[in-house]
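**Student:** Below: one structure in structure tokens.
The values are calculated or read from the model by the stated rules, or taken from the named source; none is laboratory data. These numbers come from a predicted model, not from an experiment. A quick note on method: Cβ atoms are made from the backbone with ideal geometry, for glycine too, and the neighbour counts reach across all protein chains shown. Only protein heavy atoms, including side chains, enter the accessible area calculation; ligands, DNA and RNA are left aside. Shrake-Rupley method; radii C 1.70, N 1.55, O 1.52, S 1.80 Å.
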Amino acid sequence: MIVIGVDVHKQSVTAVAVDEAGRMLNERTVAVGGDELIGWASALGAERLWALEDCRQLTRWLERQLLTRGEDLVRVPPKLMAPERRAGRTRGKSDPIDALAVARAALREPDLSRPRPGEQVFRDLKLLVDHRDDLVDERRRTQQRLRWHLHQLDPTFAVPLRMLGRPSHLERVGRWLARQEQELQVRLARELVSRCRALTRTITELDRELEQRTAETAPALLKLPGCAALTAAKLLAEIGPIDRFKTDAQLARHGGVAPLEASPGRVQRHRLDRGGNRQLNAALYRIAITQARYHPAACAHLERKQAEGKSRREAIRCLKRQLVRVVFNTLKANPALT
């Protein structure tokens, strides 16, 4: 079987074909958007596997093209390429070197992710969640600029912290600005008030859409204590199709929730994993903190772990690991997601 490693950029695509031993057979560089690669690969052999570096902002068009032609492909995480580059005989970094590293990584790793029929639902959720996060950041920056304008116009005009997101306080600020002399800074501040209102309306509409999509995709996830619609949407967007993971331990490692063993000599201990998907980790942390405040089972779990000698932070980490198991089993029980 031939494995074709592909390194995709905005303007060009470089492919390198290797045999089962990892020996390079051929290479080709083409412009983005063309279909020359498939014709080139057809001349190499009928049994072939395409290995694409997992940068889906760049490779999505190529994935669609290959799947339409009935080609078999896998996605190679970028972190798997570095060991192959270091082990290669050719030093340096170039598109052919990267494509060769992708192909050899695909040979070494048998269980790489593949495109799945139902993953478009999760991709749409991720697009919406990321867009909402961008708008929230933009609103925060707009509110900060508005506060500085208000302070420069009148230091005695106070707006409580975190209140510029509320329509009543924005209305109060708008009325106050309308009574001032309409100089340039006042006009800019009024434009910022209008921008804050528009962003809040858009974010509210996105919240409703995310809640609806989450309820349609995984309604059981919304029944988990401490998991509201936005957090559930974040979980679905970052996890994707649950059949990517065979066990909850794999999901925990993916989210950076599983502790890493650090036991030199006779010492038996574990340390925090700072790797993994930090967005998924943050969503699990929000659920854990919420449950720790009012959910009886979570409170009992934390008390038990602290009685064993663990600190509060370590107990929260244990609760996050337990939440991974609950989320995994909840999604696995949903026939629409498997």
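**Student:** Residue check, Arg274 against (1) more than 30 Å from Pro117 (Cβ to Cβ); (2) assigned to a loop (DSSP other than H, G, I, E, B); (3) in contact with a His (Cβ under 8 Å, 6 or more places away or on another chain), all met but one. Which one?
**Tutor:** (3)
**Student:** Kindly list the number of the only condition in (1) over 15 Å from Leu319 (Cβ atoms); (2) touching a strand residue (DSSP E or B) at 6+ places or on another chain (Cβ under 7 Å) that fails for Pro259.
**Tutor:** Only one criterion is unmet by Pro259, namely (1).
**Student:** Go through the stretch 188-245 and report how many residues are of a type in the set (Val, Ile, Thr) and closer than 16 Å to Ala283 by Cα.
**Tutor:** 3
**Student:** State whether the residues of the stretch 216-224 include one that is open to solvent by less than 10 Å² (accessible area, probe 1.4 Å), part of a loop (DSSP other than H, G, I, E, B), within 29 Å of Ala297 (Cα to Cα) and not aromatic (Phe, Trp, Tyr).
**Tutor:** Going through the stretch 216-224, the residues open to solvent by less than 10 Å² (accessible area, probe 1.4 Å) turn out to be 218, 221.
Retained after the next criterion (residues that are part of a loop (DSSP other than H, G, I, E, B)): 218.
This time we only want the ones that are within 29 Å of Ala297 (Cα to Cα), so: 218.
If we keep only those that are not aromatic (Phe, Trp, Tyr) as well, we get 218.
Yes: the stretch 216-224 contains one or more residues that are open to solvent by less than 10 Å² (accessible area, probe 1.4 Å), part of a loop (DSSP other than H, G, I, E, B), within 29 Å of Ala297 (Cα to Cα) and not aromatic (Phe, Trp, Tyr).
**Student:** Please specify each residue of the stretch 186-201 satisfying the condition of being open to solvent by 40 Å² or more (accessible area, probe 1.4 Å) and either closer than 10 Å to Leu170 by Cβ or touching a residue at least 12 places away in the same chain (Cβ under 8 Å) (or both).
**Tutor:** Leu188, Arg190, Ser194, Arg195, Arg197
**Student:** Taking the condition of being in a loop (DSSP other than H, G, I, E, B) and either out of contact with any strand residue (DSSP E or B) (no Cβ under 9 Å at 6 or more places or on another chain) or open to solvent by 10 Å² or more (accessible area, probe 1.4 Å) (or both), how many residues in the stretch 1-44 meet it?
**Tutor:** Going residue by residue through the stretch 1-44, those that are in a loop (DSSP other than H, G, I, E, B) are 1, 9-11, 19-23, 32-35, 43-44.
So of that shortlist, the ones also either out of contact with any strand residue (DSSP E or B) (no Cβ under 9 Å at 6 or more places or on another chain) or open to solvent by 10 Å² or more (accessible area, probe 1.4 Å) (or both) come out as 1, 9-11, 19-21, 23, 32-35, 43-44.
Qualifying residue count for the region: 14.
**Student:** Of the residues that sit in the stretch 97-138 and are more than 15 Å from the chain's Cα centre (by Cα), open to solvent by 50 Å² or more (accessible area, probe 1.4 Å) and in contact (Cβ under 8 Å) with a residue 60 or more places away in the chain, which one is farthest from Asp7 (Cα to Cα)?
**Tutor:** Glu138
**Student:** Right, something else. Looking at Leu146, is it under 16 Å from Gly165 (Cα atoms) and open to solvent by less than 70 Å² (accessible area, probe 1.4 Å)? Spell out the reasoning first.
**Tutor:** Values: under 16 Å from Gly165 (Cα atoms): yes; open to solvent by less than 70 Å² (accessible area, probe 1.4 Å): yes.
Spelling it out, Leu146 is indeed under 16 Å from Gly165 (Cα atoms) and open to solvent by less than 70 Å² (accessible area, probe 1.4 Å).
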